[in-house]
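A short write-up of the structure that comes next.
The numbers here are math on the coordinates, done by the rules we state, and not lab data. Quick caveat: nothing in here was measured; it's all calculated off a predicted structure. Positions of Cβ are generated from backbone atoms using ideal geometry, with glycine treated the same way; all protein chains shown enter the neighbour counts.
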Amino acid sequence: MSNIDEQPDLPEVDTPINLRPDLSTFDIEEVDRGVCLDTAENRKILRKHKMAWRQVYNSDGSISSNIEVISSEMQSARAEQAALDRAPILADPRNTNSDYLSGWDLIAEVEADNLVPAWVLASTRKWVKYKDNPQTNPKPKIENPPTRCTAIKADGNRCLLWSAGRTTDAGLCRIHLGTRNMAAGVSVQRARDRIQQAAVTAADVIEYLLDSADSE
């Protein structure tokens, strides 16, 4: 006779993880989980905490008065899903940070037309034609076929965009190349500002040395 107090083992149901941020932790009143009114004060708080957001649209397509805050977990999940969607053109489909296929391998992939920008395919075709027969095909402007951008974003995921194949691009897409050039430009400008600020003092020192230097 079985014990009537015993209960059958019930399957455990995992509650889906909510990736939307809890805005109450930032003292923001929520309309829904991760959604708040689009006000200057709320945007100021979100910028302070380095949070991104996007506009919420009504069912008829018009812009609502709300914004949806995007957590770092949401960004990571979206980036990982986007990389998984590109699995057919990954050199290693098991690794979402893998290189993309290149050269003939990329052209031969049937899903390339759906997953790869048209300019990448066009540049790749020109490059492989020249490599196969340099005597009859014009030399392309790029040294290498287009490849996946080598930049790793702040969330740890590799950039999904393409590098054009120029040696001077150092494997970076136009977005990260522009960021690098901007940072380099800022450093150069700071150096110029320092030199300009020191110019008066430097002139005084040189003038002093001209008048009184012995073996300096």
Search the structure for amide H atoms under 5 Å from the amide H of Ser64, placed 1.01 Å from N in the peptide plane, and list their residues when 5 or more places away or on another chain. Val56, Tyr57, Asn58
Amide H contacts under 5 Å for Arg148, placed H, 5+ residues apart: Tyr100, Ser163
Extreme residue, positive dipole direction of the range 76-172, given options Ala118, Ala164, Ala91 (C-beta unit charges): Ala164
Sites Ala154 and Val205 - FRET efficiency at Förster radius 41 Å, r taken between beta-carbons, to 0.05: 0.40
